[in-house]
Amino acid sequence: FARYVPYLKQRGCTTIMHCPTALHRLFLNHLHGVDEVFDKDNEEVPAHDFHVLSLSLPFLLQIEKAAIPYIHVSEKTDLSEFNGCFKVGIAWEGNPEHTNNTQRSCPLNYFRELHDIPNVKLFMLQKDIHQQELLRGAEDLEIYGTEINDFLDTAKLISAMDAIATVDTSVLHLAGAMNKTAHCLLSKPEDPRWTVAQWYNSVKFCRQTTEGVWDDAFSALTTYIMFAMHKGGF
């Protein structure tokens, strides 16, 4: 819902984003309309006239559809050593504090289908590994990565990718906000937000057809990636 912040600027507002520190560099320099950022865990907020929850902005502004992309990151992580390869950024788990994290996360070994495609290189987009059990059976997979400190680092890495393949977590939303081609591996039952609207133009869905079984979702993902490689001349 940060997509609605630029419309506040159009109406003459000075906007302070009260958000996690991991978003500060990204929002302050790459989201139009943000004048200041403030740590979400700090309750002593700066002086302000109105306090608005971001999910209320479309109602208050009376705007349903907003322009995409709304996160603009021109910088890319330098991956010149991988020139000529089809680079896929992946994330197989999300924040463990999320109530549905166990269901939405998937074993890393499912990405073997992509890993084994000639000329495909996989890059880790998630900042941390929380569930060691999800790595079982995938110890031999070659997954590349760079240091990620915050969401701006993630965005720079996303910019350097040819495609994104991720479970339903923040990486997906960031890729969508940047209008980057992304494939969402969606568990069943899915987050009901995805049944409300097509939030991002660049996101395609690879859904579980049977709860807890990822085979069909990864089969669809592999088809998408193979098509993209053929279209791109890889």
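So what are the ³J(HN,Hα) numbers for segment 200-207, from phi and the Karplus equation (6.51, -1.76, 1.60; θ = phi - 60°), rounded to whole Hz, Gly and Pro as x?
Here the 3J(HN,Hα) series is 9, 5, 9, 9, 10, 10, 10, 9 Hz.
Mind putting together the pair-distance distribution for the chain? All Cα pairs, 5 Å bins, whole percent per bin, short to long.
For the chain, the binned pair fractions read 1, 6, 13, 17, 19, 16, 12, 8, 5, 2, 1, 0 percent.
Taking 0.36 nm per intervening residue step and subtracting the Cα-Cα distance, what contour gain separates HIS72 from ALA197 on full extension?
Numbers: separation 125, 0.36 × 125 = 45.00 nm, distance 2.24 nm.
Here the answer is 42.8 nm.
Report the label-to-label distance for LYS65 and ASP49 in nanometres (one decimal), using points 7 Å from each Cα along the Cα→Cβ vector.
Calculated label separation equals 3.1 nm.
Compute the projected area of the convex hull of the Cα atoms of segment 17-126, averaged over all viewing directions, and report it in nm² to one decimal place.
Working: hull surface 42.0 nm².
Reported value for the Cα convex hull: 10.5 nm².
Local charge sum around ASN101 (other residues, Cβ-Cβ under 11 Å, Lys/Arg +1, Asp/Glu -1)? Walk me through the numbers before you get to the answer.
On the way: positive: ARG104; negative: GLU93, GLU97, ASP168.
Here the count lands on -2.
When only Cα pairs under 8 Å and 6 or more residues apart are kept, what is the percent relative contact order across the chain?
Result for the chain is 18 percent.
At a Cα cut-off below 13 Å, give the aspartates and glutamates reachable from LYS121, other chains included and same-chain residues fewer than 8 away excluded.
The qualifying aspartates and glutamates are GLU81, GLU113, GLU142, ASP162.
Tabulate in residue order the Karplus-calculated ³J(HN,Hα) for segment 19-30, using 6.51 cos²θ - 1.76 cosθ + 1.60 with θ = phi - 60°, rounded to whole Hz; enter x for Gly and Pro.
Once rounded to whole Hz, the list reads 8, x, 4, 5, 9, 4, 5, 5, 6, 5, 10, 10.
Evaluate E = 1/(1 + (r/R0)^6) for THR21 and GLU133, where r is the Cβ-Cβ distance and R0 equals 30 Å; express this FRET efficiency to the nearest 0.05.
About 0.55, to the nearest 0.05.
Write down Rg/Rh for segment 93-152, rounded to two decimals, with Rg from the C-alpha atoms and Rh from the Kirkwood relation over Cα pairs.
0.97
If we sort 110-116, 97-103, 163-169 on the protection proxy, mean other Cβ atoms within 10 Å, highest first, what's the order?
So the order, starting with the most tightly packed, is 163-169, 110-116, 97-103.
Counting Lys and Arg as +1 and Asp and Glu as -1, what is the net charge of the other residues whose Cβ lies under 9 Å from the Cβ of LEU28? Before the final figure, lay out the partial values.
Values: positive: ARG25; negative: ASP35, GLU36.
Net of charged neighbours comes to -1.
Given the C-alpha centroids of segment 161-193 and segment 1-24, what is the distance between them in whole angstrom?
Value for the Cα centre distance between the two parts: 22 Å.
Give me the net charge for the shell around GLN132: Cβ to Cβ below 14 angstrom, other residues only, Lys and Arg +1, Asp and Glu -1.
On the way: positive: ARG136; negative: GLU93, ASP128, GLU133, GLU139.
Computed value for this residue: -3.
Quantify, in whole percent, the carbon and sulfur part of the accessible surface of the chain (1.4 Å probe; protein heavy atoms only).
Ligands and nucleic acids excluded, carbon and sulfur give 51 percent.
With the convex hull built on the Cα atoms of segment 14-70, state its orientation-averaged projected area in nm². Let's see the in-between values first.
Numbers: hull surface 17.6 nm².
Projected area, direction-averaged: 4.4 nm².
Starting at 0 and stepping by 5 Å, how many percent of the alpha carbon pairs of segment 156-230 end up in each bin?
Result returned by the calculation: 3, 17, 27, 25, 18, 8, 2.
State the Cα centre-to-centre distance between segment 25-102 and segment 113-140 in whole Å.
That distance is 24 Å.
ASP39 to CYS85: extension gain in nm, 0.36 nm per residue of separation minus the Cα-Cα distance?
My answer for the length gained is 12.7 nm.
The values are calculated or read from the model by the stated rules, or taken from the named source; none is laboratory data. Keep in mind that this is a model prediction, so the values were computed, not measured. Every residue, glycine among them, receives a Cβ derived from its backbone with ideal geometry; neighbour counts consider all protein chains shown. These accessible areas exclude ligands, DNA and RNA; they are computed on the full protein's heavy atoms, side chains included. Shrake-Rupley method; radii C 1.70, N 1.55, O 1.52, S 1.80 Å.
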